[in-house]
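What follows draws every value from the coordinates through simple rules; no lab data is involved. Please read all numbers here as calculations on a predicted model, not as lab measurements. Glycine gets a Cβ as well: all are built from the backbone with ideal geometry, and neighbour counts include every protein chain shown.
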Amino acid sequence: MSKLNISKYLANLFLWALCITWIIPVIFGISTSFRTQSEIVQSGFRLFPAEWRLENYVTILGNTSTAPIMRWLFNSVFIASLHTFLVIVVISLTGYGYARMKFKGRDTLFFTLLGISFFPGVVNIIPSYKIIDIFGWVNTSWAMIIPGLAGMGNIFLVRQFLKGIPHELDESARVDGAGDFRIYASIILPLIKPVLIVCGLFSFVGSWNDFLWPVIVYTDVDKMPITAGLLLLQDIYGNYRMIGQLMGSAIIAIIPTLLLFAFAQKYFIQSINLNSGIKG
């Protein structure tokens, strides 16, 4: 057996071991949400329930007063979708400006902001909350949608991707009388679609999974996203008699992101190569 085959075999073995390590807890969590309470408290380990039951989900979906989980799910879908759309608009325009437009101090400004972005986000929580409070956005969707639109990590990816697209395309368009916005909309935007897909996926998942910030800015139960709602569920279902309901709520919360990656996997794999731009 050649060294190449041995390396390939070991790599596959490692990936399978890693996959099993990650997927078993997920399978156990899903199966727990279908167990009866008596089976949950029994000693011993059983990966699948003896009998699949839907009582936990009936209880979860039937609670529309203290724990309206479907309302929380809708709130999260709305917030994450609008946030992702605005992120794509902002970072595409900003990345175009930093990569294509020439102005004094452009690179200095970019790298200064990029350096500031390396500070932990937790240091901005208090000033960010003050700003949100001044605008009157506490307990509104805007408190989750607006912050983070101009993430420097995403702008950096777009800027680097644009550097792989030859400037001759811009110059040809200018000769034909096109301005900056026409060049951006008609030429640049279609070419940077791969990197925008990557940034959009990460932005959606990041907004969906954000936990600390929504817990701070939301106190109205009906307006909470799903992550803040899950914390509230720990008080409602977080005792030994309601483990199945709590686990079922967590499973419902991850369904949209699983569906997103299931349908967008092809585009994600194609666009993860940031060198796929046109080369001069």
For the chain, take the longest principal axis of its alpha carbons; what is the angle in degrees between that and the long axis of helix 125-135, to the nearest 10 within 0 to 90? 80
Taking the Cβ-Cβ separation of VAL205 and ASP133 as r and a Förster radius of 22 Å, what is the calculated FRET efficiency to the nearest 0.05? 0.20
In nanometres, the difference between 0.36 nm per residue of separation and the alpha-carbon distance of ASP107 and TYR9 is 30.7 nm
For a bin width of 10 Å, list the pair-distance distribution of region 93-206 built from all Cα-Cα distances, rounded to whole %. 11, 35, 32, 17, 5, 0
Calculated log₁₀ intensity ratio I(q)/I(0) where the Debye formula runs over C-alpha points of region 27-98, q = 0.16, 0.18, 0.25 Å⁻¹: -0.73, -0.80, -1.04
For a Förster distance of 25 Å, can you work out the FRET efficiency between the beta-carbons of VAL122 and ARG71, rounded to the nearest 0.05? 0.30
Nearest-ten-degree value, helix 152-162 long axis tilted from longest Cα axis of the chain: 50
Per residue of the chain, what 222 nm ellipticity follows from adding -39500 (n - 2.57) for every DSSP H run with n ≥ 4, rounded to the nearest 500? -21500 deg cm²/dmol
Stokes-Einstein D for region 8-139 at 10 °C, 1.306 mPa s, Kirkwood Rh over Cα pairs, in µm²/s? 75
Length gained, LEU189-ARG53, 0.36 nm per residue minus C-alpha separation, equals 44.0 nm
Taking a quarter of the surface of the convex hull around the Cα atoms of the chain, what do you get in nm²? 21.6
Over 23 Å (Cα to Cα) among LYS223/LYS266; LYS163/LYS193; LYS193/LYS223; LYS193/LYS266 -> LYS223/LYS266; LYS193/LYS223
Counting other Cβ atoms within 10 Å, keep those with at most 16, restrict to DSSP loop, and tell me which trypsin sites (Lys or Arg not before Pro) in region 1-64 are left. ARG46, ARG53
